Each structure stands twice: as C-alpha cells, then as structure tokens.
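The values are calculated or read from the model by the stated rules, or taken from the named source; none is laboratory data. Small disclaimer: the values here were computed from a predicted structure and weren't measured. Cβ sites come from the backbone with ideal geometry, for glycine too, and all protein chains shown count toward neighbours. Note: accessible area is taken over every heavy atom of the protein model, side chains too, but ligands, DNA and RNA are not part of it. Shrake-Rupley method; radii C 1.70, N 1.55, O 1.52, S 1.80 Å.
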Amino acid sequence: MAAPVLSTSLVVVSSLIAACLSVFYLISCSSTCHLVPLSALAVCGLVFCGYLRWRGPGTAERRVCVVVVGDIGRSPRMQYHALSLSRHGYQVDLVGFLGTKPHNEVLNEERITITAMADVKGVQVGPLIVSYVTKVIAQSVQILVTLMETRRPSHILLQNPPGLPSMAVCWLLCLLRGSRLVVDWHNYGFTILALAHPHTHPLVRLAQWYERAVGPLAALHLCVSEAMKEDLQENWGIRATTLYDRPPAIFKETPLELRHQLFLRLAQTLPSFRTRGEEAGGAGERTAFTLRDPLDQSVTWRPHRPALLISSTSWTEDEDFSVLLKALEEYERCVGEGRGLPALVCVITGKGPQKEYYKKLIDGLHLEHVQICTPWLEAEDYPTLLGSADLGVCLHRSSSGLDLPMKVVDMFGCCLPVCAIHYNCLSELVKHEENGLVFRDSQELASQLQALLSGFPRAGGRLEDFRRSLQTSRGQRWDDNWTQTVLPLITMTTPSP
C-alpha cells in the first residue's frame, strides 16, 4: 500500500509558530518581560511533546517506522526489514524516496504503508559548502515533518548511511514520541564522502564527527559484518549486533523455461540477447542462448552459446569498472587467438552517477567476441537473470573496508560462482578457491575468466565445481536469519503503548 504524506498538523505548526514568536519576543524585549515568552515557550514545548506522544494512541506496540533517506527500490535490505516485520505482525511505515519501483511483495503487503519523500536539493549557486548546508537544513525539516505525520511507532529503524541529518532528526523524534531508535550500519557515511574529497576536507571531518557523536545515542545497532561490529565497539563505543545479508527465497537457480522467457523479453531491447546472422531465421523461438523446438515446445540450450557474465552496480566511486573493461579486452584477445574460449555476453545492471561515463568508455571499445550491455532491470527480473547467468563479477571495494557486497550474497543465493575484487573483510563472505575467486587487478581477473570459461559450455571444469559447491552448502535465507537475530531485539525493547 502507498499513502501520500499529509500536509501538516495544525497542532504542530501552531506550536512551532508560537515558539518562534516567543523567541523573537524574548530577544527584542527588556528583561522585565522575559517571563511571558519563557512561559509561552514552556507551554508550546509541552503541547508539542504531548501531541507527538498522543498521536496514534495504542498503536506503538506493534508498529515500526523504517526510514531510508534514499531510493526505497534500490535499498533491498531495508525492504527485507519491512517485509520481515510485517510477517511477524508489525504495522510498518516505510519512508523514503520513490525513484525505483520497490519489490511487488512490498507493494502488495497490507501491513506496509509506503510514505514518499522528495529528494530535496540545496542551493545550487555559490560554494559547495552552501549547497551542502542548505540541503541538510531542508532535509531535516522534510524528515521531521514527514515522520510526524506517521503514527507513533515503537521503533524507528534507520539505514546509515546516509545519516546526516536523518540520524539526529530520528533520535530527536524518538525522544519526543517515546520510541526507540535502531540504526542499521551498512557503512560509514564519512568514508563515502571521502571518496570525492580528501580526508582532511572540512565536510569529511564534520561528517565523521557527526556520526561519532550522534551514532551512540541510538538504543540499538545492527551492522553488516563482524569487522564492522569490532570497529564500532573499539573506536565508537557502540555495541552492535551483526546481521549478515542473506538472500531471500526469490534468489535461486532459474529453470530453463523461465530463462528462455526472460531472454526473449530482454532480446526486444538488447541486441546481445538476439541470434545473429543466418541463425536468426531458423524455426521456433530463438535467443542467443536458448531455442524452443516448434514441435514439442521444449526449450534447450544452444550448443555453441556464449557465456553469460553479470555484474550489478550503483555506478559509484567505490567500484572501478575500468578493471572489468580491461579484463574483457584481454579476454577478447585470447578468444581471437583460438584458445578454446566462448564468446561472452556481459550484462552490467544498475543505476548511478557514473553510468554515463562508463557507457562512453564501453562505446569506445572495439570488441567482436564480447558484447556488453548496461540495462536497468525491474526488481522481479533481477533475481531471474542472476539465476540464469554463468558467472558473476563483483567490483565493490568498500570505502571503509568494513561492509560486504549484497550483490555477492544474491549471486550465492542463485548458486552463481563469483569473482570478487579483494579488500580487507571480504573473506567473511567470499572464500578464495572455496566458493569463488578473489582478484586484485584486471590482469588477475582476465586470467580467472579464461580459467573458468575454458571449454565452455561442456560439463565439468572449475566453473561447474564452484556451482556444485554452492548448491551443497546453501546457508540460511534472510527470513530465518532475521527472525533469529533481529526479532528478539525488537520484541524485548518494545515500550508499552
């Protein structure tokens, strides 16, 4: 369900206006008049706090507000939180930007109400600091007003980053409404900011101070890795609970019939999925990978099909796709030399600020045996494509060195072998030569692609070994992990209504 943000509340607005007028009167009057505005300020504060605690009487016990100061559709972990809460009987207000369509399960769940916020901008003229400060102010007001219009929750579950200004605003609102703030630490915001600015830049230092000062005020903390848990404890004084990302049930190997249907749909807009030359005129439905027999309607793999490689990204500074492009150029050279390697279709899916930059680099490549496409997939098609691919590549390099790539979790859920770029805590997820391969540069990645795809698509080989290993060592799914880890924390700290 989706609900629009209500305009304002007369009680809140009148209280704030009265408070502002009182402050003005306090400043402008002589000291003998100070008791009047001070009394007015006290009354306004009591009315304001009373209103916030009263709003939604009796509903706080089984209601959680999940806050994403970002695109809800591109925040899978927070969508999974909302779904898990709803399955355990909680009413959920899911607050965030509606840029990309969320999962159908989220949209169709009666206990989840989506409240949309606009992506506000700061002043676009003058120094960068002016734009940043004005955006923080505008966003603070927006978050405060939006959350005040939701019914009183027992908990506010906030994604961080971004935490500036949402962490302070949510903490204040929890203080006023008698709720508990739960921060889910996906990374550190200041380390992401440091990708675009030097660590000594005032904005980076301010963001780091802010996270360190405001973060410990939350009642509960979740994080994505043991490395982050240890760092939060040692350097921030925060005791967090590690909630590893786990794939939900929708991430699984895709049956051949569904693969064929997906390839047909993608072929309508992506030439890489179409048959070429004389083969295109053959009988029956055909894609670059599959064909349907016109007589018995069965679907089979094409005998000399290309390998399907997939990588997903947010196209941000913490992923250097030039590493993959250089590796593909080397792979192209090896195919041309007749080393027994298949043609390759590389799908890079996602949205983000650097997508156009890399698309220009891709357009400048002259590849005959490797085709690269960069579609955006609907939430329902993404797990189907992962379950249809032959190999995954992850270029996520954590800005803090403490978070783990969810895309690899999803790939493992689909029993898809992965090559991932190395960084400090990656071994918590990808174990080299056990469930995947780890590389450090484009040359090493190129060598791994050749080793894994040599002789493809015949059965056997290292690629098949990794897939069988993933099939036999499937771990917990999201729901079981969440129920064991998060639900007890929420139920034990639910205040009385």
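List of remarks:
- Restricting attention to region 310-331, the residues being among the β-branched types (Val, Ile, Thr) and in contact with a Cys (Cβ under 8 Å, 6 or more places away or on another chain) number 1.
- Scanning region 452-467 for residues that are of a type outside the set (A, V, I, L, M, F, W, C) and either free of Cβ contacts under 8 Å to residues at least 60 places away in the same chain or on the phi > 0 side of the Ramachandran plot (or both) gives GLY455, ARG458, GLY460, GLY461, ARG462, GLU464, ASP465, ARG467.
- For region 332-354, taking the residues that are surrounded by 12 or more Cβ atoms within 10 Å (Cβ to Cβ), free of Cβ contacts under 8 Å to residues at least 60 places away in the same chain and under 31 Å from the mean Cα position of the chain (by Cα), the one that is farthest from SER312 (Cα to Cα) is identified as GLN354.
- Total residues in region 412-434, condition assigned to a loop (DSSP other than H, G, I, E, B) and more than 17 Å from GLN471 (Cα to Cα): 4
- Subset of region 221-245 (residues that are touching a helix residue (DSSP H, G or I) at 6+ places or on another chain (Cβ under 8 Å) and of a type in the set (Lys, Arg)): ARG239
- Contact map, region 319-331: first residue open to solvent by less than 10 Å² (accessible area, probe 1.4 Å), second residue among the acidic types (Asp, Glu), Cβ cut-off under 9 Å, separation 6 or more or different chains; pairs are ALA327/ASP441; ALA327/GLU444.
- Of the residues making up region 455-488, just one is modelled with pLDDT of 95 or more, of a type in the set (A, V, I, L, M) and part of a helix (DSSP H, G or I), namely LEU487.
- Residue in region 434-445 that is more than 21 Å from THR290 (Cβ to Cβ), touching a Pro at 6+ places or on another chain (Cβ under 7 Å) and modelled with pLDDT under 95 present: yes
- Among the conditions (1) in contact (Cβ under 8 Å) with a residue 40 or more places away in the chain; (2) open to solvent by 10 Å² or more (accessible area, probe 1.4 Å), the only one that LEU262 does not satisfy is (2).
- Among (1) among the aromatic types (Phe, Trp, Tyr); (2) crowded, with 20+ Cβ neighbours inside 10 Å; (3) within 24 Å of the chain's Cα centre (by Cα) - the single one TYR357 does not satisfy: (2)
- Condition broken by PRO417, with the remaining ones in (1) open to solvent by less than 20 Å² (accessible area, probe 1.4 Å); (2) farther than 30 Å from GLN159 by Cα; (3) not hydroxyl-bearing (Ser, Thr, Tyr) satisfied: (2)
- Of all residues in region 426-451, those being open to solvent by less than 10 Å² (accessible area, probe 1.4 Å) and touching a residue at least 40 places away in the same chain (Cβ under 8 Å) number 3.
- Helices (runs of 4 or more DSSP H) fully within region 173-256 counting 1 or more residues that are without any contact (Cβ under 8 Å) to a residue 60 or more places away in the chain, over 30 Å from THR384 (Cβ atoms) and open to solvent by 70 Å² or more (accessible area, probe 1.4 Å): 202-214, 226-231
- One residue stands out in region 455-497 among those that are within 23 Å of VAL418 (Cα to Cα) and aromatic (Phe, Trp, Tyr): the one that is surrounded by the fewest Cβ atoms within 10 Å (Cβ to Cβ), namely PHE456.
- Among the residues of region 372-408, just one is in a helix (DSSP H, G or I), open to solvent by 10 Å² or more (accessible area, probe 1.4 Å) and among the β-branched types (Val, Ile, Thr), namely THR384.
- Selection count where residues are aliphatic (A, V, I, L, M) and open to solvent by 20 Å² or more (accessible area, probe 1.4 Å), scope region 295-318: 2
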